[in-house]
Amino acid sequence: MQYWQMDVFAQRPLNGNGLSAFADARGLSSAAMQALTIELRQFESIFLIPGAAADQFSARIFTLEEELPFAGHPIIGAAALLHHLHSPAEHAQWTLQLSSKTVQVRSQRMAQGFYAEMDQGIAEFGQELSAEAAREFASAFSLSDAELDSRYPATVVSTGLPYVLLPVTATGLAKAKQTRLLDLELLECGAAFVFLLDIDGLEGRTWDPAGQVEDIATGSAAGPVAAYLVRHGLHPAGQAFSLNQGRFLQRPSRLDVCVSADGQVRVGGHVQLVARAELLIEPALLG
């Protein structure tokens with residue numbers, strides 16, 4: 001069984017967000033997928049299982065702690081890998097079935113690597129947080145009231161994974177460091193993660209629930225951010241633009257986004273294939 005290492009939202013190798021991908025994970029149990037993700041130490045790994053048609057696959061995504069119902073950079077990376085393995089054409093399209101939704105992804109072969117873009121559907125807007133709740137979240141990242149961007153409300157937004165989008169200043173974004181668990185606060189507002197957003201710089205940061213590992217490039221947050229900016233009149237619908245992430249980890253990443261006039265959210269980026277490896281352990285022995 002082979003697996004691949006790639007960089008997603010990366011315009012050249014050794015940038016962007018690293019990903020481990022298993023192109024044919026038949027024979028792996030859930031426990032094995034979780035154990036392999038921990039072994040490979042990527043922020044996320046994706047496991048693909050061929051479907052009824054050549055362009056259809058089911059997909060399961062794991063972090064070091066848990067399985068996710070949806071995530072962005074693994075889907076973008078998976079589409080590039082499937083294109084590399086299964087299509088000699090310049091353009092291809094794939095259907096990935098996750099536990100929470102079905103995602104359509106288009107891919108394109110480039111002079112260097114691939115480009116892939118997914119349709120995340122229409123963003124769902126949840127709770128708009130009070131100023132007090134926003135300050136409470138900010139304090140968990142060692143930020144003062146002055147480092148919050150009070151022009152815009154902190155809001156829960158989801159295209160498959162709900163985020164608290166917390167507007168902060170450029171200074172606040174650079175300074176931020178999560179200092180405590182946020183499980184209770186996130187549960188109360190119906191979110192899974194907090195995404196700190198410098199609106200003027202179109203740049204963001206987010207961490208795992210424990211605040212120990214910062215994500216390099218978060219495709220599942222890019223869609224909600226794009227919908228949020230369009231809703232608040234900060235960017236016109238139908239016009240593509242880019243978000244930045246990963247600078248503070250020396251892994252600069254560009255996430256391309258667009259919200260159509262009917263609210264459909266698209267997220268795309270470049271993918272670089274980095275390495276291919278072979279699993280020497282029999283899948284049945286992994287549990």
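Overview of results
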{"item": "Unmet requirement for Ile281, which otherwise passes all of (1) among the hydrophobic types (A, V, I, L, M, F, W, C); (2) at pLDDT below 95; (3) assigned by TED's automatic domain parsing to the domain that holds Gln178", "result": "(3)"}
{"item": "Residues of segment 163-188 that turn out to be surrounded by fewer than 17 Cβ atoms within 10 Å (Cβ to Cβ) and in contact with a strand residue (DSSP E or B) (Cβ under 8 Å, 6 or more places away or on another chain), as a count", "result": "1"}
{"item": "Residue satisfying condition, being out of contact with any strand residue (DSSP E or B) (no Cβ under 7 Å at 6 or more places or on another chain), farther than 22 Å from Val157 by Cα and of a type outside the set (Lys, Arg), within set Ser87, Ser107, Ser58, Ser20", "result": "Ser87"}
{"item": "Test result for Ala191, buried (at least 22 other Cβ atoms within 10 Å of the Cβ) and assigned by TED's automatic domain parsing to the domain that holds Ala226", "result": "yes"}
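The values are calculated or read from the model by the stated rules, or taken from the named source; none is laboratory data. As the structure is a prediction and not an experimental result, all values here were calculated from the model. Note that we place each Cβ from the backbone using ideal geometry, even for glycine, and neighbour counts take in every protein chain shown.
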